[in-house]
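Report on the structure given below.
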Amino acid sequence: MTNYNDVVSQLFFLPIKDFTGEYRGQACRDDLGTKIALSASLNSRNKFCQLSCRAFACPHIIAACNWLIESLEDQPVKALDDIDWNYLQEMLDIPTEKAGKLLILKDAIIDLRSDIRYRANLR
Amino acid sequence: MKKRKIKSIYLDYAATTPLDPLILEEMLPFMGNREGFGNPSSVTHSFGSEASQAIERAALQVSKLINAKEEEIVWTSGATEANNLAIAGVAQFRQSRGRNIITTALEHKSVLSTCASLENQEFSTTYIKPNSQGLISVSDLESALRPETILVSVMHANNEIGVIQKISEIGTLCRSKDILLHVDAVQTIGRLPIDVQEQKIDLLSINAHKACGPKGIGALYLNAERISRVEPLLYGGSQQRGMRPGTLPTHQIVGMGKTMEVADSVMEEEASRVTNLRKRLWGKLEELPGIQLNGHPSRRISSILNVSVAGLEGESLRYALIGLAVASGSACNSATDEPSYVLKSLGRSDQLAEASIRFSLGRYTVNEEIDHAAEVFSDAVEYLQALSPSNYLEASI
């Protein structure tokens with residue numbers, strides 16, 4: 001039985017943001033039972049004004065998604081490149097065997113970054 | 001998702017049950033230093049003979065519940081040992097008659113693993129698959145019988161889905177072919193009437209802790225007219241005719257005897273009360289989007305309700321059931337989870353098998369707990385469905 005720390009508990013139960021932004025990122029691995037979709041909107045200063053996520057995933061990954069969308073708010077797009085994944089894994093006590101699932105979230109972030117680059121032409 | 005005050009509700013009676021205080025009271029005198037602490041094999045003095053008499057009374061209580069004779073009861077450490085002893089014991093003792101065993105894909109691991117172990121000793125096992133509702137077809141079983149089949153092992157009711165097998169029909173079939181029938185009755189002892197004579201059962205595995213009795217004690221019934229003995233798993237004493245040597249744990253056996261006596265007296269009333277509770281629970285859940293009942297809708301024991309929810313991730317579903325002590329279709333929560341082989345044998349997909357929850361009710365379950373459990377479950381399903389990326393992507397494209 002996997003143990004979950006208090007941070008996972010707090011983040012897992014955050015209210016779902018009823019919001020769909022113009023930029024999207026998604027990633028999926030059926031064999032790992034994980035599917036993640038992210039959505040974001042930017043303000044005029046190219047900072048994230050709103051983000052939301054949807055996930056078919058284990059509690060650790062749902063908590064990780066929720067933490068990311070909370071922490072990225074009001075941050076510049078570049079913050080997507082600066083996410084400290086080791087810190088996130090440690091903070092949530094994500095077991096090593098679930099590292100592959102965390103990479104799916106990383107893929108969704110990369111996909112979101114690409115969508116923003118492509119559609120907003122941000123470099 | 002609603003923030004709730006955590007209130008723990010026990011709905012895992014199929015795993016184990018709380019000990020009935022009445023039964024504990026019966027056991028206590030045999031755990032102290034005043035009476036009945038003697039070795040029940042030492043009948044040359046009063047300490048031992050007192051223990052021995054208590055064990056005889058317990059054998060009578062157990063045998064009465066299943067319509068057997070006291071001398072047909074072999075005490076074991078639990079049902080796992082009873083299953084091992086029944087299958088390996090018959091296989092070894094009767095190997096000159098044949099080396100094939102027939103069982104089902106639904107059985108408990110203690111049956112399946114014993115059969116697998118025998119396969120390494122040049123025995124063969126035939127596994128009968130259930131239909132999508134968890135029922136074993138008697139005609140499928142009949143077709144599988146071979147001249148070298150020595151034993152058929154079928155559980156009375158499955159521990160995950162609660163579906164009751166047609167034991168009387170299987171018993172009649174096996175008896176007509178002179179093949180021994182072993183029944184794992186762990187989930188039904190004290191919940192459903194069992195009559196080994198009428199149902200033509202030759203070996204029956206039971207334990208006490210699923211019926212509000214103590215853990216660590218079980219029994220194997222052996223039809224004395226059909227099989228004189230089985231090969232032991234352990235060696236080193238003449239207790240229980242050498243089939244299961246070792247000093248008998250008097251207090252636990254006394255507890256098991258009393259468990260069966262109490263179960264007998266409350267069985268009918270409890271079956272009806274618990275059936276109503278299960279129906280109440282299903283009535284509150286059946287309208288949830290994506291929910292599916294696992295197992296036959298009516299041919300099931302009163303206590304078990306097993307459901308799957310389409311489109312939900314199993315680990316998160318279990319996690320979201322705050323305060324509910326329930327079981328899932330997955331043994332653990334690691335990244336290498338294996339979905340329930342029982343649900344897979346019914347043809348459920350990996351997703352449905354993983355997102356399954358077993359509610360098992362029992363003697364101390366009350367209406368308020370059912371209502372609260374239904375509310376927690378409904379909230380969890382609603383939350384995880386709202387979180388689902390499938391709906392989200394469709395909406396945003």
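Taken together, the values in this text are just the output of simple stated rules run on the coordinates, not laboratory data. Please read these numbers as outputs of a predicted model, since none were measured by experiment. With ideal geometry, Cβ positions are generated from the backbone for all residues, glycine too; neighbour counts draw on all protein chains shown.
Based on alpha-carbon centroids, what's the gap between region B:166-204 and region B:8-22 in Å, whole number please?
Measuring centre to centre over Cα atoms gives 26 Å.
Suppose a student asked you for the relative contact order of chain B, using Cα pairs under 8 Å spaced at least 6 residues apart; what percent would you report?
22
Starting from the exponent 0.38 and prefactor 2.2 Å, build the expected Rg for region B:144-227 from its residue count and divide its actual Cα Rg by it.
1.10
Connecting C-alpha atoms closer than 10 Å in a GNM of chain A, tell me which of A:109, A:62, A:16 has the biggest fluctuation.
Maximum fluctuation in the GNM of chain A, among the listed residues, is at A:16.
Once the Cα atoms of region B:220-270 are picked out, what are the Rg and Dmax in Å?
Spelled out, the Cα radius of gyration and Dmax of region B:220-270 are 14.7, 44 Å.
Report the gain in length on full extension from residue B:28 to residue B:124: 0.36 nm times residue separation, minus Cα-Cα distance, nm rounded to one decimal.
Gain on extension, residue B:28 to residue B:124, equals 30.0 nm.
State the answer as a single residue: which of B:154, A:103, B:207 lies farthest towards the positive end of the charge dipole of the protein assembly as shown, with beta carbon charges of +1 for Lys and Arg and -1 for Asp and Glu, about the Cα centre.
Looking along the dipole axis, the top candidate is A:103.
Please give the FRET efficiency for residue B:338 paired with residue B:44, using the beta carbon to beta carbon distance and R0 = 56 Å, rounded to the nearest 0.05.
Calculated transfer efficiency: 0.60.
Could you order peptides B:37-44, A:37-44, B:75-82, B:255-262 by the average number of other Cβ atoms within 10 Å of their residues, highest first?
Packing proxy ranking, top to bottom: B:255-262, B:75-82, A:37-44, B:37-44.
Which three extents, in whole angstrom, do the alpha-carbon atoms of region B:170-315 cover along their principal axes, largest first?
On the principal axes, region B:170-315 reaches 59, 40, 34 Å in Cα extent.
Find how many whole Å separate the alpha carbon centroid of region B:215-251 from the alpha carbon centroid of region A:48-107.
Spelled out, the Cα-based centre of one part sits 57 Å from the other.
If the elastic network links every pair of Cα atoms under 10 Å, which of B:213, B:236, B:98 fluctuates the most in the Gaussian network model of chain B?
Evaluated over chain B, the most mobile residue of the options is B:236.
Rounding to the nearest 20 debye, state how big the charge dipole of chain B is about its Cα centre with +1 on each Lys and Arg Cβ and -1 on each Asp and Glu Cβ.
Magnitude of the dipole: close to 120 debye.
Using a simple charge model, +1 on the beta-carbon of Lys and Arg, -1 on the beta-carbon of Asp and Glu, nothing else, what dipole does the protein assembly as shown show about its Cα centre, in debye to the nearest 20?
So the magnitude is around 480 debye.
Which residue, B:96, B:137, B:302, tops the fluctuation ranking in a GNM of chain B built on C-alpha contacts under 10 Å?
B:96
Taking the Cα centre of region A:1-60 as the origin and placing charges on Cβ (Lys, Arg +1; Asp, Glu -1), which of A:51, A:4, A:41 is farthest toward the positive end of the dipole?
A:41
Using the Karplus curve 6.51 cos²θ - 1.76 cosθ + 1.60 with θ = phi - 60°, work out ³J(HN,Hα) for each residue of region B:232-240 in order, rounded to whole Hz, and write x for Gly and Pro.
Working through the residues one at a time gives x, 8, 10, 10, x, x, 9, 4, 6 Hz.
Would you mind calculating the relative contact order of region B:198-280 from Cα pairs under 8 angstrom and at least 6 residues apart, reporting the percent as a whole number?
Over region B:198-280, the number comes to 26 percent.
What does the charge count around residue B:197 come to, taking other residues whose C-beta lies under 13 Å from its C-beta (Lys +1, Arg +1, Asp -1, Glu -1)?
Charge balance near residue B:197 sits at 0.
State whether the protein assembly as shown is rounded, prolate or oblate according to the following rule on the C-alpha gyration tensor (a ≥ b ≥ c being the square roots of its eigenvalues): a/c under 1.5 gives rounded; otherwise a/b larger than b/c gives prolate, and the remaining case gives oblate.
Prolate is the answer for the protein assembly as shown, as a/c is 1.5 or above and a/b outweighs b/c.
Can you compute the charge dipole magnitude of region B:136-289 about its Cα centre, using +1 on each Lys and Arg Cβ and -1 on each Asp and Glu Cβ, nothing else charged? Give it in debye, rounded to the nearest 20.
380
Work out how much length residue B:131 to residue B:192 would gain on full extension: take 0.36 nm times their residue separation and subtract the Cα-Cα distance, in nm to one decimal.
Difference between extended and current length: 19.7 nm.
What does the charge add up to near residue B:96, with Lys and Arg as +1, Asp and Glu as -1, over the other residues with Cβ less than 15 Å from its Cβ?
0
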